[in-house]
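Below is a structure I'd like to ask you about.
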């Protein structure tokens, strides 16, 4: 595999003119940019397809009445915990799994998330869910564009935001017993901000990782895992935003 970052690649040698060296360097940069665009486009295609599959499954589950079975029976816990189990399996078992296996797990995860999220149709109106979804999609696109184009290193911000996710989990578990409306709104507000920031951070991270992945067997796995990460950013931002924008059925 060629080392695109090797500074020796840009030097002019015996019998090589400055013009031809510049042309070679430009050609390599173009190849790298095209490869990066294909890599990121593949991630976004998987992520978008996963979100749409989740939405379709959620809508069909709600419209057919299956959502009542999920919401009122023991199936609720299976549907709620299965996606989390798949995330852990994909994250910690990526080295052992093939790309095809990771893809199958990703699509299974998207379906299970659709079953799980179908219960929001029992709480919020369909119109408010649709408005929140499109608002989230617009915000996600803008934040991801910022992460892709910014020259600022977001690594430090990413570490802080990941710590914030753990804080959200602890606060949510605490509020499960406290049932404090004020704490719920605070968690929701911080949740929107944290996952908005993670959208930009993860986009930049996935872009920067490509330099180490191109031409390797891991590249295909990285596409699926990257799509999973952006999917989680989108869904979490959507769910927290829904608490502000959703209109209750009651």
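Just need a number here: residues in the stretch 151-164 that are loosely packed, with under 15 Cβ neighbours inside 10 Å and closer than 20 Å to residue 192 by Cβ.
Here the count works out to 4.
Exactly one of these conditions fails for residue 215: (1) outside any helix (DSSP H, G or I); (2) in contact with a strand residue (DSSP E or B) (Cβ under 7 Å, 6 or more places away or on another chain). Give me its number.
(2)
Moving on to the next point. Kindly list the number of the only condition in (1) surrounded by fewer than 16 Cβ atoms within 10 Å (Cβ to Cβ); (2) within 27 Å of residue 148 (Cα to Cα); (3) touching a helix residue (DSSP H, G or I) at 6+ places or on another chain (Cβ under 8 Å) that fails for residue 88.
(3)
Does the stretch 75-92 contain at least one residue that is within 22 Å of residue 110 (Cβ to Cβ), at pLDDT 65 or above and outside any helix (DSSP H, G or I)? Talk me through it step by step, then tell me what you get.
Just the residues of the stretch 75-92 that are within 22 Å of residue 110 (Cβ to Cβ), to begin with: 75-92.
Pick out the ones that are also at pLDDT 65 or above and you get 75-92.
Now restrict to residues that are outside any helix (DSSP H, G or I): none.
Among the residues of the stretch 75-92, not one is within 22 Å of residue 110 (Cβ to Cβ), at pLDDT 65 or above and outside any helix (DSSP H, G or I), which makes the answer no.
Here is a further query. May I ask you to list the residues in the stretch 53-83 that are within 30 Å of residue 216 (Cβ to Cβ) and loosely packed, with under 13 Cβ neighbours inside 10 Å?
Initially, the stretch 53-83 is screened for residues within 30 Å of residue 216 (Cβ to Cβ), giving 53-54, 83.
Result: no residue meets the conditions.
Is it true that residue 106 is part of a helix (DSSP H, G or I) and closer than 30 Å to residue 63 by Cα?
Numbers: part of a helix (DSSP H, G or I): yes; closer than 30 Å to residue 63 by Cα: yes.
Taking the combined requirement at face value, the residue satisfies it.
Could you list, in sequence order, the residues of the stretch 120-147 that are under 17 Å from residue 62 (Cβ atoms) and assigned to a helix (DSSP H, G or I)? Full working, then the answer.
Filtering the stretch 120-147 for residues under 17 Å from residue 62 (Cβ atoms) gives 120-133.
Listed by number, the residues that qualify are 120, 121, 122, 123, 126, 127, 128, 129, 130, 131, 132, 133.
In this structure, is residue 230 surrounded by fewer than 20 Cβ atoms within 10 Å (Cβ to Cβ), assigned to a helix (DSSP H, G or I), in contact with a helix residue (DSSP H, G or I) (Cβ under 7 Å, 6 or more places away or on another chain) and at pLDDT 90 or above?
Values: surrounded by fewer than 20 Cβ atoms within 10 Å (Cβ to Cβ): no; assigned to a helix (DSSP H, G or I): yes; in contact with a helix residue (DSSP H, G or I) (Cβ under 7 Å, 6 or more places away or on another chain): yes; at pLDDT 90 or above: yes.
Answer is no for this residue.
Hey, another quick one. Against the condition within 24 Å of residue 80 (Cα to Cα), surrounded by 13 or more Cβ atoms within 10 Å (Cβ to Cβ) and in contact with a helix residue (DSSP H, G or I) (Cβ under 6 Å, 6 or more places away or on another chain), how does residue 109 come out, does it pass?
Taking the combined requirement at face value, the residue satisfies it.
Looking at 57, 87, can you tell me which residue is over 23 Å from residue 206 (Cα atoms) and in contact (Cβ under 8 Å) with a residue 40 or more places away in the chain?
On the way: 87 fails: over 23 Å from residue 206 (Cα atoms).
The match here is 57.
The values are calculated or read from the model by the stated rules, or taken from the named source; none is laboratory data. Here the structure is a predicted model, which means the values were calculated and not measured. Glycine also receives a Cβ, built like all others from the backbone with ideal geometry; neighbour counts cover every protein chain displayed.
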